[in-house]
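In what follows, a single structure is set out as structure tokens and then discussed.
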Amino acid sequence: MVKHQPLQVYERQLCLSCITGIYGCRWKRYQRSHDDTTKWELLWSLVLLFTFCLLLVWFYFWWEARNDYNEFNWFLYNRSREWSDGTVPILATTAAGFTYIAFLMVLALCHIALGQQLNLHWLHKIGVTAALLTTIVGVIYINETWRQEWDVIPISLQATGPFLHIGALAAVTALSWIVAGQVARTEKTILQVVVVLLYLSVLLGLYVVPLYIASPCIMDTATLKPRPDVIGHQGAPMLAPENTLRSFQRALHMNVTGLEADVAISVDGVPFLMHDLSLQRTTDVAEVFPDRQMDDASHFNWTDLQQLNAGKWFLKDDPFWTVNSLPPKEKDLIANQSVCSLEQLLKLASYHNSTVVFRLRRPPQEHPCYHSWINDTLQAVQQSGIPQSLVMWTPDEYRAQVRQLAPGLIQTSLKKQSPQSLQQYGISRLLLRYNQTTTQEIRNYSQSNINLSLYTVNEPWLYSVLWCSGVSSVSSEAPDILSKVPHPIWLMRPDEYCLMWVSADLISFAVVIGIFIFQKYRMTGMRSYNPEQIMLSAAVRRSSRDLNVMKEKLIFSGQPQ
């Protein structure tokens with residue numbers, strides 16, 4: 001007679017093996033544990049959570065900073081003197097790091113949901129540390145070199161806030177399954193109370209967040225002001241070399257209402273268009289005048305400037321990744337562009353009845369035109385024949401004298417001032433960077449009949465927010481993109497938003513309560529059975545299926561009688 005000990009069988013859990021194997025390299029069953037996570041591993045879980053949150057903000061920052069990628073590349077150029085798209089490696093590493101950390105977060109949540117012990121593998125710990133340190137270094141670097149760009153986060157939240165709130169609410173509501181399971185599984189009352197209180201604090205915080213979400217696009221559609229005018233900043237630099245005649249012509253084809261340029265003055269007193277201090281980036285000065293390539297652009301005379309090519313660099317560097325989309329004839333036109341004078345631009349604008357705003361840079365002190373730069377510029381305006389009412393005059397120096405010599409010019413300021421101060425000095429227009437003013441200030445300028453123009457606006461979401469705010473005009477490097485925005489991306493009446501907010505909160509609350517009740521009932525039912533009986537019963541019910549079983553222990557004992 002042979003006696004048998006009870007045979008234990010179990011169904012292979014491929015999903016659980018993959019989760020524990022990838023997260024902690026625990027592929028075998030005996031390596032997995034339902035014990036509590038150690039304090040050391042709990043600390044690493046908190047580090048993982050912090051890294052995920054930091055990378056989420058970092059990723060969101062760079063996603064919304066697309067509006068100013070060219071500005072960032074120009075900052076890099078001023079440091080290295082070589083043009084390159086520095087956003088590409090940053091975006092690639094940020095996307096890779098965020099994907100990796102998000103994957104680990106999902107695995108960690110799966111461990112908690114399945115009641116498995118968190119045990120992050122040492123290779124993943126190295127990866128998390130590298131991602132954390134790299135992101136911290138990036139944040140510090142941006143804070144020192146491009147600090148003003150942080151303002152893009154609160155501004156972008158005016159466009160994305162209501163929708164991010166719904167997404168965050170859905171994610172936290174879904175987490176209630178894991179939280180409820182953990183509470184039902186935990187036997188310590190104190191720990192249950194702490195977990196529930198923490199979760200409810202986050203949930204209730206999300207419920208009231210809309211009280212602090214302020215977006216100009218939450219408004220009565222009847223109060224929406226007309227579409228802001230678009231000014232071609234340096235023409236259309238995404239389609240043609242900046243500050244060239246071809247660039248301004250392309251901008252005019254996009255139905256812009258104005259043109260914006262940067263103006264310097266040559267040694268012989270000719271105002272010409274140039275953004276950089278030197279000619280190295282946007283001309284072939286290194287080939288034509290190799291000994292003078294680092295000289296200030298204003299130290300060249302107009303004859304020398306006309307010898308330079310101002311278009312080939314665009315085809316070579318492809319600063320906006322648009323060259324491949326241009327037809328061959330357009331490339332030929334671009335390749336033959338030269339340095340453009342202010343007079344040429346004004347004649348073009350006069351022909352198309354377009355407004356012109358230019359930033360005039362005073363030459364160095366040793367320059368022959370250091371004292372006559374205002375008169376030289378006014379002379380170019382008069383010689384062009386453009387009506388004075390189409391020229392926005394920005395220099396603050398000798399503004400009273402300029403008003404006497406050319407009273408028809410539109411006096412424009414580049415410095416933020418109160419409406420009362422602007423009116424006191426006879427200034428009717430203001431040109432600021434888009435982060436230098438608030439929605440309330442925009443409305444104050446509008447009520448004071450101050451025409452406010454903001455730069456540089458390239459993304460439809462930013463254009464929509466400023467449109468809802470009541471901005472009169474924007475300066476853009478992408479007039480071809482903004483021309484395709486006939487109305488704000490979204491508009492919502494306050495009562496519609498309130499209904500959406502309250503409905504989302506009520507649905508979330510009902511789902512959370514339902515999940516907690518179900519998890520409590522589910523866990524209570526499971527505790528009333530012996531684990532071995534559950535496995536054996538499952539095997540009997542599925543005896544008709546093709547099950548892969550494993551014998552953990554089979555001991556034969558006894559003597560024949």
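The values are calculated or read from the model by the stated rules, or taken from the named source; none is laboratory data. Since we're looking at a predicted model, the values are computed, not measured. As a convention, Cβ positions derive from the backbone with ideal geometry for all residues, glycine included, and neighbour counts pool all protein chains shown. Ligands, DNA and RNA are stripped out before the accessible areas are found, and what is left, the full protein with its side chains, is counted by its heavy atoms. Shrake-Rupley method; radii C 1.70, N 1.55, O 1.52, S 1.80 Å.
Data for the structure
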item: One residue from Ser278, Ser247 being under 28 Å from the mean Cα position of the chain (by Cα) and either free of Cβ contacts under 8 Å to residues at least 60 places away in the same chain or more than 23 Å from Arg429 (Cα to Cα) (or both); result: Ser247
item: Among the residues listed as Ser384, Ser350, the single one being buried (at least 19 other Cβ atoms within 10 Å of the Cβ), polar (S, T, N, Q) and in the same structural domain as Asp276 (by the TED database); result: Ser384
item: The listed residue being open to solvent by less than 40 Å² (accessible area, probe 1.4 Å) and in contact with an Asp or Glu (Cβ under 9 Å, 6 or more places away or on another chain), out of Ile218, Ile178, Ile213; result: Ile218
item: Every residue from the range 18-35 that is closer than 20 Å to Met105 by Cβ and modelled with pLDDT of 70 or more; result: Cys18, Ile19, Thr20, Gly21, Ile22, Tyr23, Gly24, Cys25, Arg26
item: Given (1) within 24 Å of His233 (Cβ to Cβ); (2) open to solvent by 50 Å² or more (accessible area, probe 1.4 Å); (3) among the hydroxyl-bearing types (Ser, Thr, Tyr), index of the condition Thr377 fails; result: (2)
item: Single match in Pro363, Pro368 (criterion: closer than 28 Å to Val288 by Cα, open to solvent by 30 Å² or more (accessible area, probe 1.4 Å), in contact (Cβ under 8 Å) with a residue 40 or more places away in the chain and not in a helix (DSSP H, G or I)); result: Pro368
item: Among residues of the range 221-240, those that are in contact (Cβ under 8 Å) with a residue 60 or more places away in the chain and open to solvent by 60 Å² or more (accessible area, probe 1.4 Å), counted; result: 4
item: Residues located in the range 255-301, provided they are of a type in the set (Asp, Glu) and within 20 Å of Asn336 (Cβ to Cβ); result: Asp284, Glu287
item: Helices (runs of 4 or more DSSP H) wholly inside the range 396-469 that include at least 3 residues being open to solvent by 40 Å² or more (accessible area, probe 1.4 Å); result: 399-405, 419-424, 439-447
item: For Thr438: the one exception among (1) under 27 Å from Asn458 (Cβ atoms); (2) touching a residue at least 12 places away in the same chain (Cβ under 8 Å); (3) hydroxyl-bearing (Ser, Thr, Tyr); result: (2)
item: Of the criteria (1) open to solvent by 10 Å² or more (accessible area, probe 1.4 Å); (2) modelled with pLDDT of 95 or more, which one Asn243 fails; result: (1)
